[in-house]
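Reading through the structure tokens given below for one structure.
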Amino acid sequence: MKALKTAPKVLAPLILLVALLLILGVFYPLVVWGFSHLLAPWRAEGSLNVACGRVVSSSLISHYNESSPLFHPFKPSSTTSGVDPYVPLQYALDQVDRVANETGLPRDLLVELLVENAAKNNMLNLYIFTPDYNIVNVEEVNLEIMNILQKCGGS
């Protein structure tokens, strides 16, 4: 008899849990995903960088690989997030000689790629957050280098 009285007390929270799980864990994410593909399909899958027909990186998340011949972002413990692809222009310029030696590309070309990327970031209003401090997205520069070299590799 006592079990019949406690059953509604246990069953009601379980029904609520399952209902909220379905609404917040399944239906809501599907609706957001669907709207993102309808409103901005070119951005819905993220900021992926493609070289030689495959995804090699993201322009929003860095991938630190010390053995890479390309430009290195900060080490993961050096930034707040640990995955920031933006570095100061001077930090990237300090790597030009190493990248030129390892890739065989002319030093002047690498400097030009870095300066152009810094100018692009200034035009995208990233300069507002870092006045008098030019920044470079090393993932974007590395993608350009891979396209120049016509080879796929990690950055």
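What the table below lists for this structure:
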item	result
Breaking point among (1) assigned by TED's automatic domain parsing to the domain that holds Tyr133; (2) at pLDDT below 90; (3) over 17 Å from Val138 (Cα atoms), for Lys9	(1)
Test: Ser155 is under 19 Å from Ser47 (Cα atoms) and at pLDDT below 80	yes
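The values are calculated or read from the model by the stated rules, or taken from the named source; none is laboratory data. This is a predicted model, so every value here is computed, not measured.
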